[in-house]
Structure formats: structure tokens, C-alpha cells
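Structure first, then comments.
The values are calculated or read from the model by the stated rules, or taken from the named source; none is laboratory data. The shown structure was predicted, so the numbers you read here are calculated from the model rather than taken from an experiment. Here the Cβ is made from the backbone with ideal geometry for all residues, glycine too, and neighbour counts use every protein chain on show.
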Amino acid sequence: MMFRETPAGMIAISQPSHAWISGQIIRAWGNAEFGPVTPYEDVCLGAEQHDIGWLVWEQAPTLNVATGRPHSFREIPVPTHTALWRRGTEMAAVFGRYPALLASLHGTGLYAYFDYTTATAEDAAIARAFVVEQEAVQRRLIESLRAECSAGVSDREIERNRGLVRTADRMSIAICTAMRDMAVSTDDPCIAIIRQVPASAGPTDVRMEVVDGDATNIVVAPWPFAASVVRVACEGILLPAGSFNDEAEMRASLRSANRMVLSAELRPAL
């Protein structure tokens, strides 16, 4: 889960719901400056399903006793986190090899930022084993796709599509958290920076800025989309006021809690 403070209260957004925005972003992607999405349907599906491994966890989230609310996606312990991503690759494979490849690449990409120097020896070993295991899975998937001369399977195309999923993920995180997550935040609470975005001339940074304090109205520069306006939306859970002390109670409360649509309209900067 990730969280967003709103006038109505704190909203919890599930990982698959956030990923749905990632899919909407990729479906709108592409112009002369940023290039097309190829193979289009496979990458769109991979983007919108990249967090599919979280589905079961989100149905029964664990309680962070320090905050009194569900654990955020950044608070999940390494053994649980790697198991979720391993399962996500397996679940994405039900759709196809390319979505499974993108889910696996995204999962291992997260561990490129893992601090092995401060982790416990056990966590570091689990993380290393996960990466080695998933890299083997990725090689098998790529070999299988290339044996059929599938589109989008050169090293350059795979790396670009990994980058597109990462970009859509981070743009969605910026939208869902109102620019507050550490992966995208800046010194200005209204501005997020998405780094290493694939573009025709090479990787670039994309700036997202909330207009007049309204997190539903965001300007983006440079503009990576085909249309002049892009609208995205997902659902979140309105958390009850106060904090939870009991995990079973929290889970029951979340199942019956009110849901809210979180939306954003993206426009090019003037």
C-alpha cells in the first residue's frame, strides 16, 4: 500500500490499484521526442500488472504497530517482499511471457537500490538469492521469446521497456502520493522528478508539478504523451480516523471502509 493525505482523510492505495495507473500512463505514452511503445499491448499489460504479486497481501495487509495503519510498500520485510515479487512473476506468466519478463525485471530493478551494507546478513543473502534466481528466469523467458522471433526482445528494446515500466511506476507513485514519495520527491512538495526516462535521444528527466496545490491537476515537462491531455484514475480506501491496534480488526475495517476515486489530469507545461 501507499498513502495520500486528502481533505477527506488518509487514503490507502493498493499496489495493484497504483499499477493500474501505470498501465493507463503507458497506454497514453509516445510521441516524436519519447518514441513509441513496442510491443504495445505486451508492455501496456506488463505495466498495469507489474504489481500483481501483491494481490493476496493486499486482501489481508499486515499491521504496522508503530503507525497504527497497514504497512506501506516500503515497510515490508525482505523475506516477504522477495516472496511477493517471485509470486508476481509467476502470476504475470498466466498472461504471457512478456508481461512476466517485465514484472521480473521490475522486481530485480528495485534491488539495484537495496543497501546491502546496512542490511542484516540474512536479508542481504535473501536479496542476492532473489536477484540471481530472477535473472535466470529472465534469461529463460528471453530465450523462449527470441526462439519465436517475437517483437521487442533485443537487448536495447528490453532495456527500454524495463525503463518505461519503471517510469510509469514512478509517475503513478507521484500521482498516488501527491509527489511525496522518496523515489520522486524534491525539496518543493509540489514537484516530483522522474529520472532516467527512456526517450528517442537518450534517457532524460521528467518533471511533474501540482498546479495551485491541487494534486488532481498536474503539469508535465517535457511532455511524453501523444494526446494533449491525459486523465488517469484509480480507487483507494478511506482509512478510518485514528489508528489500529489489532490486525484482525484492521483487516475487517478495511474490507468495509468507504472507497474513493483518486484522479489526475496531466497537461503539458506552458
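Taking the criterion of being of a type in the set (Gly, Ala, Ser), without any contact (Cβ under 8 Å) to a residue 40 or more places away in the chain and farther than 23 Å from Val37 by Cβ, the only residue of region 167-188 that qualifies is Ser185.
Applying the condition of being polar (S, T, N, Q) and more than 11 Å from Ser172 (Cα to Cα) to region 1-19 and asking which residue is surrounded by the most Cβ atoms within 10 Å (Cβ to Cβ) yields Ser14.
What residue, of Ala257, Ala233, is touching a residue at least 40 places away in the same chain (Cβ under 8 Å), touching a strand residue (DSSP E or B) at 6+ places or on another chain (Cβ under 7 Å) and within 17 Å of Ala12 (Cα to Cα)?
Only one candidate passes the filter, namely Ala233.
Just to be sure before I move on: is Leu266 at pLDDT 95 or above and buried (at least 18 other Cβ atoms within 10 Å of the Cβ) in the structure I sent? The answer is yes for Leu266. The sole residue among Ser17, Ser22 that is in a helix (DSSP H, G or I), in contact with an Asp or Glu (Cβ under 8 Å, 6 or more places away or on another chain), of a type in the set (Gly, Ala, Ser) and over 29 Å from Glu143 (Cα atoms) is Ser17.
Of the residues making up region 121-152, those that are under 17 Å from Asp42 (Cα atoms) and within 22 Å of the chain's Cα centre (by Cα) number 3.
Here is a yes/no grid of residues against (1) free of Cβ contacts under 8 Å to residues at least 40 places away in the same chain; (2) exposed (fewer than 15 other Cβ atoms within 10 Å of the Cβ); (3) in contact with a Ser or Thr (Cβ under 8 Å, 6 or more places away or on another chain); (4) not in a helix (DSSP H, G or I):
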site	(1), (2), (3), (4)
Ala83	yes, no, no, no
Leu105	no, no, no, no
Phe130	no, no, yes, no
Cys149	yes, yes, no, yes
Val165	no, no, yes, no
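In summary, Pro61 fulfils each of the numbered conditions (1) part of a loop (DSSP other than H, G, I, E, B); (2) at pLDDT below 95 with the single exception of condition (2). Scan Ile126, Ile142 and give me the residue that is modelled with pLDDT of 95 or more, hydrophobic (A, V, I, L, M, F, W, C) and either within 25 Å of Gly35 (Cα to Cα) or not in a helix (DSSP H, G or I) (or both). Exactly one residue qualifies, and that residue is Ile142.
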